[in-house]
Amino acid sequence: MTDVGIIGAGRLGHAMARVALRAGRSVVIANSRGPESLTSVVSALGEGAWAGTRADTAGAAIVVIAVPWDRVPEAVNGLQWNSQVVIDATNDWAADHLDGRTSSEIVADLVAGARVVKAANTLGAEVLASDPHQADGQRVIFISGDNDNAKAGVLALFKDAGFAVIDLGDLATGGAMQQIHHPLAGVNLIRL
């Protein structure tokens, strides 16, 4: 089984692949155009990464959703969700139509059967992909989720990649702090 599957091969997907590889995990990455369109991406990522289909990514232990918010339903539609950990790295830039819920709670509905953890959405892709060891400290990354075991797996992934991880609690509370136009969006902190 591949360790991390990434749905989306744009800047965020590429950044999450770098994080996973830095953590010593194998990576399968997919996009809407098919594995053959990812030759240069996989070549740039190097050993431990391979191109696959969306179904291949859903077979990984941890699945990262790294597509624009309006494409999330299409990206996850038809995939089998059987207790995989799903990292919701998306941002709903408008967020005015969520009826008091967080975007990650909406994602959890779309991937029913998976265990969703909000993470990797507060930093820009370039910062996320860069070495988290800065200024004699570690870059901070925030996570939130409703399942402690799922959060433990995501925490281990980011710690192994060199980040300092802060658990913000559940998807409703922590996820709200991570959303665009909320306190932690765009915050780039270093733990000394």
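Since every read-out is calculated from the coordinates, none of them should be taken as a lab result. Computed from a predicted model, the values in this text were never measured in an experiment. For neighbour counting, all protein chains shown are included, and Cβ atoms are generated from backbone atoms with ideal geometry for every residue, glycine included.
Quick notes on this structure:
- Calculated mean residue ellipticity at 222 nm for the chain: -8500 deg cm²/dmol, from DSSP H runs with n ≥ 4 weighted as -39500 (n - 2.57), summed, divided by the residue count and rounded to 500.
- Counted as membrane-span-like here are DSSP H helices of the chain whose alpha-carbon atoms extend 27 Å or more along the helix's own axis and whose Kyte-Doolittle mean is 0.0 or above; there are none.
- Region 1-95: C-alpha gyration tensor shape, a/c 1.5 cut-off, then a/b vs b/c: rounded
- Segment Ala135-Trp50, extension gain: residue separation times 0.36 nm, minus the distance between their alpha carbons: 27.3 nm
- Computed from backbone phi with θ = phi - 60° and the Karplus coefficients 6.51, -1.76 and 1.60, the 3J(HN,Hα) list for region 31-48 is 9, 7, 9, x, x, 5, 7, 10, 3, 5, 5, 5, 4, 5, 6, x, 4, x Hz; x is used for glycine and proline.
- Average Cα contact separation per residue, region 95-173, under 8 Å, 6 or more apart, as relative contact order %: 32
- Overall form of region 40-150 per C-alpha gyration tensor (a/c, 1.5; a/b vs b/c): oblate
- The HN-Hα couplings worked out from phi for region 57-62 by the Karplus form 6.51 cos²θ - 1.76 cosθ + 1.60 (θ = phi - 60°) are 5, 5, x, 7, 5, 10 Hz, whole numbers, x standing for Gly and Pro.
- Interchain or long-range residues, amide H under 5 Å from Ala120's placed H: Phe142
- Where labels lie 7 Å past Cα in the beta-carbon direction, separation of Glu74 and Ala61 in nm: 3.3
- Neighbours of Ala125 by Cβ distance under 12 Å: Lys/Arg scored +1, Asp/Glu scored -1, total +1.
- From the C-alpha gyration tensor of the chain, square roots of 5λ in Å: 22, 21, 15
- Once C-alpha pairs closer than 8 Å and six or more residues apart are averaged by separation and normalised to the residue number of region 1-159, the relative contact order reads 22 percent.
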